[in-house]
Amino acid sequence: MKTIRRLIYGEVLYAVGFVTLGFLSLFFFFDFVEEVQAVGRYSAAGYRIVQALSFVALMIPSHLYELLPIAVLIGTIFVMARLAQSSEFTILRTSGLGPWRALRALLLLGLGFVLLTFAIGDYLSPPADRAAQLLKARYQGSITVGQTGAWLKEQQTNAQYAVNVSAMAPDGSMRGVRVFEFNNQGFLMSTLQAESAHFGADDAWNLSRVSRTEFPPRGADTARIDRAQLDSFRWPNQISAEMVAAALLKPERMSTIDLFQYIQHLRANSQVAQRYEIEFWKKVFYPLSCLVMVVLALPFAYLHFRSGGIATYVFGGVMAGISFFLLNNVFGYMGNLQNWQPWLTAALPGMIYLLLSLTAFGWLVLRR
């Protein structure tokens, strides 16, 4: 059995690596063509071919994370179909490789792909994507979202804060920061406007060039409004750099732990976290789709091929992989719009394909 596993694992790893390299090369070319246009627009700012290549290279881990389950499906289908076409799998079956042994061997290999996908999506892709965005911002301007930037909320013991960050600078600092302080009754107590802010090491923001306005308490005898101009101001809070980046960047580019912490922060401040909960569960279930893909590919080993018929089945695998990718995105948008359960929204595409895989396995493998 060890020899059989070595044979199948070697073939699958080689095929998956080849398919992954082909997909990454294609995406690298498309991204580079798009960035070449930016070189012409921002050449005066120093954004040249070297910077464009660096940006495209930093985007490779994100593409790898998205494409790995599809590459696993296509590569495994190709190997299973080729083994069936050359009658090698028939020989393996007569040597004692039953359906359940074959399934168990592929599931062990799929588990390795699950761990690889999780590691890339959690530890390699988020920092690389953030570095890519900061690299582009260094030459093309700050990172921002919408017309007013990102809005966050902070709830403390005696006050509530609404925070607006206009943009994030290439060095990781914030630009155009506004802080609105409310008491527990919802009345405005003070405002802060700062040109820039940096994250401190002690759960605080260090604001620079600050304009502070304090309003009198409701029912006070005086209606005096105090205004002050400060060179710097320290504001203690629990809003981390990852939370600000989450509000300014795409949530799917965050790691699982950062998403979980940001969701807890939103819930603690009575904010809607539906979108981020869906992305969190997608992060949990997406690597498991590699297991579904190897199960879906196994029935191809039990088909009977004629000469040249293997290309049709590989093309079918490509279509199945693309449809899974599209279905995963569609369910994410639908779940956010219809307020579906986040875990169910993220798990449904994998469950649908798992049902198809088990149906094909039962019909083609066990019954035939």
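The values are calculated or read from the model by the stated rules, or taken from the named source; none is laboratory data. Predicted model only: the values in this text are computed from it and were never measured. No Cβ is skipped: glycine too gets one built from the backbone with ideal geometry, and neighbour counts run over all protein chains shown. Surface accessibility is based on the protein's heavy atoms, side chains included, excluding ligands, DNA and RNA. Shrake-Rupley method; radii C 1.70, N 1.55, O 1.52, S 1.80 Å.
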Quote to one decimal, in nm, the extra length available between V50 and Q264 on full extension: 0.36 nm per residue of separation minus the C-alpha distance between them.
73.0 nm
Which of [x] 1.11; [y] 0.95; [z] 1.01 gives Rg/Rh (Cα atoms, Kirkwood Rh) as computed here? It is [x]
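Please give the calculated 222 nm ellipticity per residue for the chain, where each DSSP H segment of at least 4 residues contributes -39500 (n - 2.57) and the sum is spread over every residue; nearest 500 deg cm²/dmol?
Working: 12 runs with 210 residues, N = 368.
Per the formula, -19000 deg cm²/dmol.
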With θ set to phi - 60° and the Karplus curve 6.51 cos²θ - 1.76 cosθ + 1.60, what are the ³J(HN,Hα) couplings of the range 346-359 in order, to the nearest whole Hz, using x for Gly and Pro?
6, 8, 4, x, x, 5, 5, 6, 5, 4, 4, 5, 5, 5
How much length, in nm to one decimal, is gained on full extension between Q229 and A38, taken as 0.36 nm per residue of separation minus their Cα-Cα distance?
64.8 nm
Below 8 Å, C-alpha to C-alpha, sequence gap of six or more: please give me the relative contact order for the chain in percent.
18 percent
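Relative contact order of the range 20-132, please, whole-number percent, based on alpha carbon pairs below 8 angstrom and at least 6 residues apart. Walk me through the numbers on the way to the answer.
Working: 58 pairs, mean separation 44.4, N = 113.
Computed over the range 20-132, the figure is 39 percent.
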Spin-label model distance (nm) - A162 vs Y9, 7 Å beyond Cα toward Cβ
5.8 nm
Taking 2.2 N^0.38 Å as the expected size of a compact globular protein, what ratio does the Cα radius of gyration of the range 63-162 give against it, to two decimals?
1.90
Cα-based Rg and Dmax for the range 84-140, in Å, come out at 21.0, 63
Across the chain, how many lysine pairs, 8 or more positions apart or on different chains, have C-alpha atoms separated by under 25 Å? Please give the number.
6
Evaluated over the range 169-299, the Cα radius of gyration and Dmax, each in Å
20.8, 81
In terms of the charge dipole of the chain, which places +1 on Lys and Arg and -1 on Asp and Glu at the beta carbon, the residue among F325, G200, W343 farthest towards the positive end is F325
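Which order do peptides 274-283, 326-335 fall in by mean Cβ count within 10 Å, highest first? Write down the numbers at each step before the final one.
Working: 274-283: 22.5, 326-335: 16.3.
Output ranking for 274-283, 326-335: 274-283, 326-335.
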To the nearest 20 debye, the chain has a Cα-centred charge dipole, built from +1 on Lys and Arg Cβ and -1 on Asp and Glu Cβ, of 1120 debye
Cα-projected label distance for Q338 with Q185, points at 7 Å along beta-carbon direction, nm
4.5 nm
Would you please classify the overall shape of the range 313-361 from the alpha carbon gyration tensor, given that a ≥ b ≥ c denote the square roots of the eigenvalues, rounded means a/c under 1.5, and beyond that prolate means a/b larger than b/c while oblate covers the rest?
oblate
As an exercise, identify the chymotrypsin sites (Phe, Trp or Tyr not before Pro) in the range 151-213 lying in DSSP coil whose Cβ has no more than 13 other Cβ atoms within 10 Å.
F187
Hits in the range 339-357: amide N under 13 Å from the 7 Å Cα→Cβ extension of V284, namely 341-348
Sorted by accessible area (1.4 Å probe), largest first, how do H198, H265 line up?
H198, H265
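Rounded to whole Å and sorted largest first, what semi-axes of the equivalent ellipsoid does the C-alpha gyration tensor of the range 245-346 yield via the square root of 5 times each eigenvalue?
Listed largest to smallest, the semi-axes of the range 245-346 are 37, 12, 11 Å.
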Once label points are set 7 Å from the Cα along Cα→Cβ at both F315 and W151, what is their separation, rounded to one decimal in nm?
5.1 nm
What's the extension gain from S240 to E88 if we count 0.36 nm per residue and subtract their Cα-Cα distance?
49.1 nm
